[in-house]
Amino acid sequence: MVSSPSLSLRLPDEAATLALGRALAVILADAAMQASLLLRGDLGSGKTTLVRGLAGALPGGDDAEVASPSFNIVNVYPTRPEMFHVDLYRIPGGDPSVEEHLEAAAENDAIVVVEWAEYLPRDLQPPHRLECDWLPATTGRLCRMTAFGERGCAALAALAAACPGLVDG
């Protein structure tokens, strides 16, 4: 079994989480590195803050009102490329509309971010993705990114180069 490359990032504060989101915006907007971002972590771990940094750094992001889409399930932001922000917190058993939204995102070459990705059925996980696990830390946050697929691996390598000050160890 081949292991997937991973990278641990130390995020000391909200500013570092927003900076990580901005770095991901540059990377994921490049078609050669466009991978879905699957986020897993406790409430208040920084998932939506990361999404706010990502969406805000994309062209058109000034018009994106980023909030956790817990009640909508999906928010679509008017960025370029368009961004689909999925939140599965309220539907841990799944919902047929999620598959429809993911298909629409793929058809539009949109960036896909899924919060509470542990609830995303395996058969709906995009082949090119970065899985981001928010882990407990003594101070700040620790985020482990694992790459899947060619574009996920390219995005992870670009992220390591773009954020050397955040790499843990």
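Structure notes:
- Yes/no for ARG144 being surrounded by fewer than 20 Cβ atoms within 10 Å (Cβ to Cβ) and within 13 Å of LEU9 (Cβ to Cβ): yes
- Scanning the stretch 23-42 for residues that are closer than 21 Å to TRP116 by Cα and either buried (at least 19 other Cβ atoms within 10 Å of the Cβ) or in contact with a Lys or Arg (Cβ under 7 Å, 6 or more places away or on another chain) (or both) turns up LEU24, ALA25, LEU28, GLN34, ALA35, SER36, LEU37, LEU38, LEU39, ARG40, GLY41.
- Tally of residues being under 19 Å from LEU11 (Cβ atoms), in a loop (DSSP other than H, G, I, E, B) and either in contact (Cβ under 8 Å) with a residue 12 or more places away in the chain or open to solvent by less than 20 Å² (accessible area, probe 1.4 Å) (or both) across the stretch 117-141: 3
- Taken together, the criteria place GLY61 among residues that are among the small types (Gly, Ala, Ser) and open to solvent by less than 20 Å² (accessible area, probe 1.4 Å).
- Residue ID - nearest to PRO5 (Cα to Cα), chosen from residues in the stretch 103-116 that are among the acidic types (Asp, Glu) and surrounded by fewer than 18 Cβ atoms within 10 Å (Cβ to Cβ): ASP109
The values are calculated or read from the model by the stated rules, or taken from the named source; none is laboratory data. None of these values were measured; they are calculated from a predicted model. Note that each Cβ is placed from the backbone with ideal geometry, even for glycine, and that neighbours are counted across all protein chains shown. All accessible areas refer to the heavy atoms of the entire protein, side chains included, with ligands and DNA or RNA removed. Shrake-Rupley method; radii C 1.70, N 1.55, O 1.52, S 1.80 Å.
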